[in-house]
Each structure stands twice: as structure tokens, then as C-alpha cells.
Amino acid sequence: MSSGTGAQSLRLARELAQKEGIFVGISGGATLAGALQICHEAAPGANILCMLPDTGERYLSTPLFSEIPVDMTDVELAIARSTANYRFDAPSAAAPPGPTRVPQAVPADAEAFVARTIADPTQPVVMFALEWCEFCWSVRRMFAKQGISYRSVDLDSVEYQAANRGGEIRAALSARTSVSTIPQIFVGGEFVGGCTDVFDAHKEGRLQALLDKHRVSYDRNLQLDAYSFLPSWLHPR
């Protein structure tokens, strides 16, 4: 498997729209980055097939198109309401059972890295993230607005690409939390959850209590709706 960094994925997705008229999301940019990397290694005359897996509509409110305002039309809202499994304002339809997964062995050094990182008393707030992930950016924006200092471990960044280091750390996270999605946020070693879990904790005051417990400063006078930082294509909770 080959892919680019988060920054490359963003740049190439924008260039596809600007230069080729192909409107794709960040994973489309990542796919093209991987294909270009293979092109450099392939034999002369080789044909490389690059299948772009998504469209760009739902990325308009993310860093990919951060300078473009997003207002959903009535048609877009009707389409969004028709996707029962991707709504916050209605129960999701039961998903069919998936295949049984065989647990993979987690490298001990990856487990040790996670344990050491979330236990660091000098930086109690830790987010394991992906550079391109729109939900990670939702949390980043909320933390920035609230003035919350945190460490971000971006598993798809260059720092963690060698020898699948990012994948090993993600496997260690899943083994610890029983959650496979990203982001995963910890405060003082305690697992708070993903993006909407953190926003729920903020709304209920649990996040602020954890920050106080671990002496993490934040703007106490700021009143904000954490859910407003979610991508605009999502229904409000």
C-alpha cells in the first residue's frame, strides 16, 4: 500500500479540481499521491490505474476548501436526509453483521508509546489524529478557540510513516480503547473518546472538569457550542 502525507493529499485534491476539473475529496488526493509515487518506481511504459474513491462535496467545510463558505441547498438537505445511516437527528438503521476479524498482534513498543504519551504530565491533553481528517480538524478548531493546549500525534504524517509506525500505534490504540476510529482524545491518561464524544463532554461539563483536574488552562469565560465546529454537511445534533 502506498499513499502520501496529509499535506500532499490536500494539495493534490485541490490541484485535481483546479487543473483537471475533477472534484474529489482528501482521500482522492491521497490515492493520486500514491499513484504518483508508484509512477516514479514503475518501469518505463507502464500503465498506472488510479481510481479516485470519493467526491468533494462533503469536504467543503474542511481544511481542503477552508476558504470557501458552505451553505447546503434544499436539494442537498433532501439528499442528506435520505441517508439514514449518516444522520445525527434520527436513529440509524441497523447495519448488517460484518465479517469476524482476527485480532492482530500489537507490537510492544507501540503499546509502550501510547502508554507513555497519554501519561505525560507535561501535556495532559493528547489527540491521536490524521492530518486530513475533518473530525480531527473539528476538534482542533474547538481546542484553539477555547485556548486548550494539546499534543497531536498525526498518524499519517511523515514522522510516523516509516515501517508502518502510524498503523502500529493505531492498532495499539484500538487494543486499548476498543475503538478503531480517529480521532481519539485523552486527558490525563483518561480516554474521552472521539470528536463527538469530546463535544458531548464539553456540553455536559465533563471535559472542563477533567481539564481542571489536570490543571490545563482554558478560556473559562468563553461560551461556545462545540457542535458548531462539526463539518457543515452533517446534520446538527
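The values are calculated or read from the model by the stated rules, or taken from the named source; none is laboratory data. Quick caveat, the model's predicted, so the values are computed rather than measured. Cβ: placed from backbone, ideal geometry, glycine included. Neighbour counts: every protein chain shown.
Please indicate, with yes or no, whether at least one residue in region 150-162 is in contact with a Ser or Thr (Cβ under 9 Å, 6 or more places away or on another chain) and free of Cβ contacts under 8 Å to residues at least 12 places away in the same chain.
No, there is no match, as no residue in region 150-162 is in contact with a Ser or Thr (Cβ under 9 Å, 6 or more places away or on another chain) and free of Cβ contacts under 8 Å to residues at least 12 places away in the same chain.
Given the options THR31, THR62, name the one that is at pLDDT below 85 and either closer than 20 Å to GLN161 by Cβ or not hydrophobic (A, V, I, L, M, F, W, C) (or both).
Within the list THR31, THR62, the selection yields THR62.
Considering only region 13-35, how many residues are in a loop (DSSP other than H, G, I, E, B) and under 12 Å from GLU57 (Cα atoms)?
Number of matching residues: 4.
Could you list, in sequence order, the residues of region 188-233 that are touching a Phe, Trp or Tyr at 6+ places or on another chain (Cβ under 7 Å) and β-branched (Val, Ile, Thr)?
VAL192
Take the conditions farther than 25 Å from SER232 by Cβ and either modelled with pLDDT of 90 or more or buried (at least 18 other Cβ atoms within 10 Å of the Cβ) (or both) and apply them to SER9. Does it pass?
Considered against the rule, which asks whether it is farther than 25 Å from SER232 by Cβ and either modelled with pLDDT of 90 or more or buried (at least 18 other Cβ atoms within 10 Å of the Cβ) (or both), SER9 comes out as no.
Within region 181-231, which residues are more than 17 Å from TYR150 (Cα to Cα), surrounded by fewer than 17 Cβ atoms within 10 Å (Cβ to Cβ) and either of a type in the set (A, V, I, L, M) or in contact with a Leu (Cβ under 7 Å, 6 or more places away or on another chain) (or both)?
Those that are more than 17 Å from TYR150 (Cα to Cα), surrounded by fewer than 17 Cβ atoms within 10 Å (Cβ to Cβ) and either of a type in the set (A, V, I, L, M) or in contact with a Leu (Cβ under 7 Å, 6 or more places away or on another chain) (or both): LEU222, LEU224.
What strands (runs of 3 or more DSSP E), lying completely within region 125-237, carry at least 1 residues that are under 16 Å from GLY6 (Cα atoms) and under 16 Å from the mean Cα position of the chain (by Cα)?
Of the strands (runs of 3 or more DSSP E) lying wholly inside region 125-237, those with at least 1 residues that are under 16 Å from GLY6 (Cα atoms) and under 16 Å from the mean Cα position of the chain (by Cα) span 125-129, 151-154.
How many residues does region 36-59 hold that are among the charged types (D, E, K, R) and part of a loop (DSSP other than H, G, I, E, B)?
1
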